[in-house]
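Rule-based calculations on the coordinates, nothing more; no lab input. Everything numeric here is computed off the predicted structure, so don't read it as measured data. Quick reminder, even Gly has a Cβ in these numbers, built from the backbone with ideal geometry, and neighbours come from all protein chains shown.
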Amino acid sequence: MKSEAQLAEIRRAYARQTLSLVGVSSPELENAFATVKREHYLGPGPWKIFRWTGYEETPNDDPTPLYDNVLVGIIPERGLNNGQPSGHAMWLAAAAPRPGEHVVHIGAGVGYYTAILAEPVGSPGRVTAIEHELQLAARAKANLAHLPNVTVLQGDGATIPLDPADVIYVNAGATRPVDAWLDALKEGGRLVIPLTTNAAFGAGPPRGAQGAMFRIERRGDEFHVSIVSGAAFIPGEGLRDPVSEAALAAGFARGGVESVTRLYRTDDVPEEQAWVRAPGWSLAYR
Ligand SMILES: C[S@@+](CC[C@H](N)C(=O)[O-])C[C@H]1O[C@@H](n2cnc3c(N)ncnc32)[C@H](O)[C@@H]1O
């Protein structure tokens with residue numbers, strides 16, 4: 001068994017490697033990845049590491065294999081995983097949580113990335129974590145009980161009333177930006193959200209661009225958009241509507257997502273300006 005000092009060194013190297021894999025330079029995030037103990041959130045080992053060929057169990061309860069760029073099963077029989085560290089490093093850097101801010105984390109799972117979000121906002125700030133699955137919400141609540149700036153709620157993140165937020169960080173696949181999240185964003189607030197097609201989470205490796213992580217920033221009445229990366233996420237409960245899904249699938253098939261700069265909360269955007277138009281919302285090039 002490794003000593004706590006050895007594990008601290010392993011976490012520090014993991015944090016450096018995780019951020020450098022995706023070209024992120026952020027001392028605050030690096031420190032969060034270096035200090036939050038992944039095994040605390042995943043529970044006692046051995047753990048199930050996700051591989052494209054199936055889950056591979058770690059040989060014992062030495063947490064060293066968790067400090068790698070791997071997904072780890074949280075309810076493996078349902079394909080629910082603690083997400084890939086490098087992906088989260090990139091998306092968290094895009095969300096850019098700052099000291100004193102209120103962050104809402106939707107799809108918190110067992111709370112590992114909630115704890116990482118709680119580091120940069122600190123004690124003047126706070127994190128509201130929402131998890132739909134009963135068993136996971138209970139685990140997250142217990143795992144995060146020692147953090148006074150974190151509240152865990154069980155339920156559907158699309159319908160639970162939200163306090164105004166500086167960051168809304170979504171970890172389950174949606175087919176459109178939820179109106180309640182856009183309404184909750186403060187001035188300068190950032191919604192980081194995976195918009196995914198049904199093909200983005202099938203059996204086997206991802207097939208081309210079928211989903212992407214978007215950063216949507218509120219500036220007055222405007223919503224400025226950039227794409228952070230491609231993304232495959234488990235479909236969110238209650239976050240999918242078939243008409244928006246079909247519009248997204250058509251948009252990804254056509255290409256051009258990297259040129260999207262605006263979200264409009266209407267579908268009357270001219271066709272040549274729109275990447276995706278669906279009832280009540282559009283992603284547009286200008
Ligand atoms: C891919 S898992 C990621 C969990 C966590 N972020 C992690 O990496 O460990 C997605 C999580 O979103 C949750 N979820 C799905 N739909 C949700 C919703 N509408 N509101 C809140 N949580 C939701 C699922 O139960 C699941 O735990």
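Side notes on the structure shown:
- Selected from 145, 96, 34 as most flexible by GNM, with the chain as the system and alpha-carbon contacts under 10 Å: 145
- Antiparallel DSSP beta bridges within the chain, percent to nearest 5: 60 percent
- Of interest is the spacing of the C-alpha centroids, which for the range 131-190 and the range 259-279 amounts to 26 Å.
- Reachable lysines, given that their alpha-carbon falls under 23 Å from the alpha-carbon of residue 2 and they are not under 8 places away in the same chain: 37, 48
- Gaussian network model of the chain, springs between alpha carbon atoms under 10 Å - residue of 189, 255, 230 with greatest fluctuation: 255
- Each of 42, 191, 21 was scored by other Cβ atoms within 10 Å of its Cβ. Listed from fewest to most, they are 21, 42, 191.
- Residues listed by number, the range 9-36, amide nitrogen under 13 Å from residue 64 label point at 7 Å toward C-beta: 9-11
- Residues 267, 166 in ascending order of nearby Cβ atoms (within 10 Å, fewest first): 267, 166.
- Between the range 94-124 and the range 38-79, the alpha-carbon centres lie 23 Å apart.
- Net charge, residue 26 excluded, C-beta distance under 13 Å - Lys, Arg +1, Asp, Glu -1: -1
- Where labels lie 7 Å past Cα in the beta-carbon direction, separation of residue 55 and residue 21 in nm: 2.0 nm
- Counting only DSSP H runs of at least 4 residues, each contributing -39500 (n - 2.57), and dividing by the residue count of the chain, the helix-based mean residue ellipticity at 222 nm comes to -8500 deg cm²/dmol.
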